[in-house]
Amino acid sequence: MLNNIGLPGLLLIAVVVLVLFGRGKISSLMGEVGKGITAFKKGVNDSTKELEEEALTEAKDVTPENEKDKV
């Protein structure tokens with residue numbers, strides 16, 4: 001169904017949306033979407049950094065038991 005929508009169909013949909021909601025409402029909505037995407041990316045980056053720091057602090061000692069006493 002959606003495979004048959006061409007450029008004229010998309011333009012018609014864009015015009016109908018613009019008429020229904022107005023230019024100001026659409027621009028404010030897109031601004032909010034942009035802020036949401038930015039906040040999501042920041043959250044992903046922060047959690048990745050947190051996991052990396054946690055992995056560094058929980059480094060395991062892989063020294064064999066018989067070698068630990070020779071310090």
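Here are the numbers for the structure shown:
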item: Additional length obtainable on full extension of the chain from Glu53 to Val15, 0.36 nm per residue less Cα span; result: 8.7 nm
item: From the coordinates shown, Cα Rg over 2.2 N^0.38 Å corresponds to which of (1) 1.46; (2) 0.95; (3) 2.42; result: (3)
item: Crossing angle, helix 23-57 versus the chain [Cα axis fit, 0-90 degrees, rounded to tens]; result: 10
item: Accessible area (Å², per residue) of the chain, counting only protein heavy atoms and a probe of 1.4 Å; result: 97
item: Percent carbon-and-sulfur accessible area, segment 1-59, ignoring ligands, DNA and RNA, probe 1.4 Å; result: 68
item: Pairs of lysines in the chain (C-alpha under 23 Å apart; 8 or more residues apart or interchain); result: 6
item: Nitroxide proxy distance, nm - points 7 Å out along Cα→Cβ at Asn4 and Thr63; result: 7.4
item: Those GluC sites (Glu not before Pro) in segment 1-65 that DSSP places in a loop and that have at most 16 other beta carbons within 10 Å; result: Glu58
item: Computed [θ] at 222 nm, helices only, for the chain once each DSSP H run of length n ≥ 4 contributes -39500 (n - 2.57); result: -26000 deg cm²/dmol
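The values are calculated or read from the model by the stated rules, or taken from the named source; none is laboratory data. Note that the coordinates shown come from a computational prediction; the quantities given were computed from them, not determined experimentally. Every residue, glycine as well, gets a Cβ built from its backbone with ideal geometry; the counts of neighbours run over all protein chains shown. Ligands, DNA and RNA are stripped out before the accessible areas are found, and what is left, the full protein with its side chains, is counted by its heavy atoms. Shrake-Rupley method; radii C 1.70, N 1.55, O 1.52, S 1.80 Å.
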